Amino acid sequence: RRCWLSVFVLLVGLLWVFFVVIDTPGDFWGRVTIENSEVRLSRDASGVVIIKGTTDKDFVRGLGYAHAHDRLVQMLLQRIVARGQLSTLNPSPSSLEIDKLFRKLNLEGRTRAKLRELSEEQQKLLESYSAGVNEFIQTQWLPIEVKISPLAADPWTIEDSLSIVQLFAYVGLQTMQTDSENFVLHAINLGNNATISELHRLFPDQVPPTLDEEMIQAIQSLREFPQIVSKDKFLGVSMLSEQIGSNNWVVSGAHTESGKPLQANDPHLQVDRLPAIFYEFIYKQGEEFTSGVSAPGFPGVIMGRTQHISFGLTYGVADQVDYFIEDIKNGEVLRPEGKRVAIRHRMEDIHQKDGETIHYSVFETEDGCVLELTNQYNVVTDIPDGKYVSSKWAWDHMTSNRLPDMGHKQNYRTVDDIADALKLNPVSCNYLIADTQGNIAYQQSGLVPKRNPKYPIMLPLPAWWEDAVWNTIRSADDGLKVKNPESGFIATANNDVTLLDSTFDINCISFHMGPYRAQRANDILRKQIESGQKVNIELMKEMQLDLYSLRAERVLPQLLPLLPSSMYSLELSNWDMNYYFDSRGALLFELLYGEIVGTMAGHLLRDVDAGKYVMQNTTMKRVIYHYFDDVFVDPTQKNSALYGNEDRDAMVKRIAEQLLGASSSVQWVVDRQHTYGSVLMPITYKNIFWHDQTSIFDYGPYVQDGSPVVLMVGDYRENEGKSWNSGAAWRYVTDLDNYISYTSVPGGPSGNWWSSYYANDLSLYIKNQYKILSPAHL
C-alpha cells in the first residue's frame, strides 16, 4: 500500500511540476509562428497575457492562441451550447430545453447565411484568430477535459466565432426582454379590463390605458404560448451567463485631479464560476498598446483602453426581440388584407449522450417569425387552427457592416473616431468613451427594429395588422450620441438612457433595469463637483464598491409606519440602507419588501405564488421590480388592484405582522445570527466543467456584499438544486493621464485548474482590491 501511495504522490508531484512550475511569469510561451508571422507571448506578474506583434493580424493571432492556451475548455463548452448539442455532454431535461432553444434560434444557420457577406478584412481577421486557436490545438497538449468527454477539439472556424457572438447576445441580454414581454403577455391572457388598467399604471409609458379589443381577444384565446417564466433556463449552466446589469461612468478632465478624463466600468454577469467570463490581456505593437478584456471565442477588445482612448459599456436595454400573435389556419398564418402565407418546417435532430436522438420541429414564417410552440408537431398541418405566439429577433438582419469591431483599436485617437466604430456593434450597448484630448461621450449601439411608431413596442401585436411585423432595422446613425455634456460627466447603469437627450424621439426601450444605480452614480459625482472637489481614482473605486440603496431610501418611509411593534421592526428601522453581507436590516428589508412586491405581481397574474416566484427567482427580480416601486410609493394608488382585495396599508400590515411581528416564526427573522449574506448571498466559485462531478476545483463558500439595486451589484438565486451568483465580472478604473488601469476579476487568467493562474486574482476580488494592469514596463 505504501508503495502505491508513493507512486501516486510521485505522479502528482510530476504533474504539478509539469503543469504549474512551467506556468510562471516570463517568456514561457516565447515566440509562436502563426500564418508565417511571429507573435511573442508572455505573462505579467499577475498572469495576464502579454502579446507583442508587428501587424494588425498579429493581435488576433496571438489572442486566439492565448484564448486556447488558457480557456480552451470554456470555448469548447460555449461552442457545444451554440450548436445545440449540450445534451451530448450533460443529458438532462434542462439541457434538452436549452438545445431546443438554440436549434430554434438556428445560430449556425444564421452564421452560414452571413459568411458570404463578410468584408475581406473581416474574413481575414476571423481566419487569423482561428489560426491562432488552431495552432495551439494542433501543436500542444490538450486539457484532460477534452480527452474524457464529447468536447471535440476539432478545428476552430469563423462560424464558431460568429456563433459565440450571437450566443452571448441572446443568452446574456435578449432573454431579459423576452421574459419581460412574456410577463405582460400572461397578465393580459389571464386578466380582464381591470388588468389592462393596472398594466397601464404599472407601465404608463409603454401600455396605453385602453387596448384594441381585437388584440385583447387574440391574446386571451391563445392555444399555446411560452411559460410565464423560463425558471431561469440557464441557471446552473455555468458556461453561459445571463446579464444582470452593468455600471459605467466617465468624468471630464475639467473635474479630475489629473486634468485628464477618468473612467470606471464594471459589467455585471455570473461570477460564481471558474474561470471568470472575461479574459484580460495587453497587446503591444510598436509604440502603441491596448489593454482590457476579451471574450474567449471571439477576437477583439470588448472594454479597455489604448494610449489615446478609453471605452467601456453597459447593456443598452434596447428592445431587439418582439412577440407577435399568429392566426393559424390549415398550416398558414394570417397577414394584412386577409392574406395567408405558408409556414416553413425545419426538423432538428438533437443527439443525446446515451445515443438516443430527439427529433425537434421548428416552424417559421416567411417574414422571419418563429412559432413559440409548447407541444411537438411533426408537420405543419398537425398544428391545430387557432391563435399562437411567435417571436422575431433583430439579429436576422445583421449584416457585415454591423459586426463588432475585431481590431485592437490603437488607430483611434478621439471619441468621435471610436464612436463611429462602436455604433455599428449589433449588441445593444451603452458605450462611454474618453480621449486624451479631454473629450467624453456616450454612444448607443445595437440592431433596433424599424417599427411602426403607432404601435406600443412592449405588447405582442397581431401579425395580421398593417406593418406590425417589421422587416428592416434602423441605421446605426439613428443611435443616441451625447458628447461633452455641460455636467462634465456621464453615468449609465442599464437605465433609460434616452433621458440623456430630451430631443431623442426614437422609442427603442421597452423595459430597463431601473433608475437607482445610475441616479446614485450621478448623485455622488454631482456632489463632488458642486463642492469644488476634484474627482480622483480613489473616488472611482469607492463608487464601484458603494452599497447604499436609493430604493430603500425611497420605500422605507412608506413601510416603517406600517410595521408591528417588535424587536425585528426596530432592527429594520435602524438599518443604514447599506447592503453589507453582515447586515440584519438588509436581510429584513429584502424578506419583507420582496414578499410585498411578489404579492403585488401575484395579484396581477391571478396567482400569488407565481408572482412571488417570478419576482424572487427570475430575471423579473432585476427588470420590472422598479415599476412596482412606482405604484407602491404613489399615494394616489393605495387602492390599486395590485393589492388584491385590500388597500396598500392593510396588505403591508398583514404581511409585516407575519414576518416581523413579535410572534413571527420565520427562522431567518427570529434567529438573529442570520444575516443578509448568510441567507441571501452565499457564494462558491465553481469550475464550469467539473462542478457537477466534484467540488475539489471550487473555491468557497464565501458570502457576497451587494444587491441588484446598488452600485456594488450582487445577486443570488437558487432553483432545483442549482445556484447562481452575479456581480462585477470585471472592475476597471483608469486615468488617461497615464497608462495604468486598476482592475479585478473573479478568478484568474487561466481556466486550467492545475495552473497557478487559475484563481490568483480571486483573493483580491473578494477583498474588494485592485491590481495594476499596465504596459509601462514592456
**Request:** Grab the DSSP H runs of the chain that are 4 residues or longer, score each as -39,500 (n - 2.57), total them, divide by all residues and round the 222 nm result to the nearest 500 deg cm²/dmol.
**Result:** -10000 deg cm²/dmol
**Fill in**
Computed over the range 37-84, the convex hull of the Cα set has an average projected area, in nm², of 4.0
**Request:** First measure r as the distance between the Cβ atoms of Gln220 and Asn401, then evaluate 1/(1 + (r/R0)^6) with R0 = 35 Å and state the FRET efficiency to the nearest 0.05.
**Result:** 0.25
**Prompt:** Say each of Lys638 and Asp385 gets a label point 7 Å from the Cα, pointing the same way as Cα to Cβ; how far apart are those two points in nm?
**Reply:** 5.4
**Contact order normalised by residue count of the range 633-729, Cα under 8 Å, 6+ apart, percent** = 15
**Prompt:** Under 18 Å Cα-Cα from Lys722, which lysines qualify once same-chain neighbours fewer than 8 residues away are excluded?
**Reply:** Lys231, Lys233, Lys621, Lys686
**Prompt:** Among the trypsin sites (Lys or Arg not before Pro) within the range 419-458, which fall in a DSSP loop and have no more than 14 other Cβ atoms within 10 Å of their own Cβ?
**Reply:** Lys454
**Segment Asn768-Glu257, extension gain: residue separation times 0.36 nm, minus the distance between their alpha carbons** = 181.6 nm
**Complete:** By the DSSP-based rule, helices of the chain that are at least 15 Å long along the axis (C-alpha) and have a mean Kyte score of at least -1.0 are 2-16, 56-82, 93-105, 120-139, 158-169, 175-190, 584-605, 648-660
**Item:** Solvent-accessible ranking of Asp634, Asp385, largest area first, probe 1.4 Å
**Value:** Asp385, Asp634
**Request:** Describe numerically, in nm with one decimal, the distance between label points set 7 Å from Cα along Cα→Cβ at Asp523 and at Thr357.
**Result:** 6.0
**Request:** Highest first, please rank the peptides 208-214, 758-764, 428-434 by the mean number of other Cβ atoms sitting within 10 Å of their residues.
**Result:** 428-434, 758-764, 208-214
**Request:** With all protein chains present, calculate the accessible area of Ile148 using a 1.4 Å probe and round the result to the nearest 10 Å².
**Result:** 100
**Request:** Using a 1.4 Å probe and ignoring any ligands, DNA or RNA, find the accessible area of Val427 and quote it in Å² to the nearest 10.
**Result:** 20
**Asked** Working out 0.36 nm times the residue gap between Gln437 and Lys722, then minus their Cα-Cα distance, what length gain in nm do you get to one decimal?
**Response** 97.7 nm
**Message:** Around Lys392, under 9 Å between beta carbons, what's the net of Lys plus Arg minus Asp minus Glu among the other residues?
**Reply:** -3
**Prompt:** Where in the range 337-364 is the amide nitrogen less than 15 Å from a point lying 7 Å along the Cα-to-Cβ axis of Asp692?
**Reply:** 351-355
**Sites matching GluC sites (Glu not before Pro) across the range 461-539 that sit in DSSP coil, with at most 16 neighbouring C-beta atoms within 10 Å** = Glu466, Glu486
**Neighbour cut-off at most 10 other Cβ (10 Å), DSSP loop, trypsin sites (Lys or Arg not before Pro), the range 721-769** = Lys767
**Complete:** Check: C-alpha center the range 360-394 vs C-alpha center the range 433-502, spacing in Å is 30
**Fill in**
Among beta bridges assigned by DSSP with both residues in the chain, the antiparallel ones amount in percent, to the nearest 5, to 90
**Asked** Relative contact order, percent, of the chain when contacts are C-alpha pairs under 8 Å separated by at least 6 residues?
**Response** 16
**Virtual paramagnetic centre 7 Å along Cα→Cβ of Asp505, amide N under 14 Å, in the range 436-470** = 453-454
**Request:** Give, in nm to one decimal, the length gained when the segment between Glu120 and Asp630 is fully stretched (0.36 nm per residue of separation minus the Cα-Cα distance).
**Result:** 178.5 nm
**Message:** Using 10 Å bins from zero, what percent of all Cα-Cα pairs in the chain falls into each bin?
**Reply:** 3, 13, 23, 26, 20, 11, 3, 0, 0
**Asked** Counting alpha carbon pairs within less than 8 Å and at least 6 residues apart, what relative contact order, in whole percent, applies to the range 325-366?
**Response** 32
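The values are calculated or read from the model by the stated rules, or taken from the named source; none is laboratory data. What you see is a predicted model, and the numbers here were worked out from it, not measured in a lab. Cβ: placed from backbone, ideal geometry, glycine included. Neighbour counts: every protein chain shown. Surface accessibility is based on the protein's heavy atoms, side chains included, excluding ligands, DNA and RNA. Shrake-Rupley method; radii C 1.70, N 1.55, O 1.52, S 1.80 Å.
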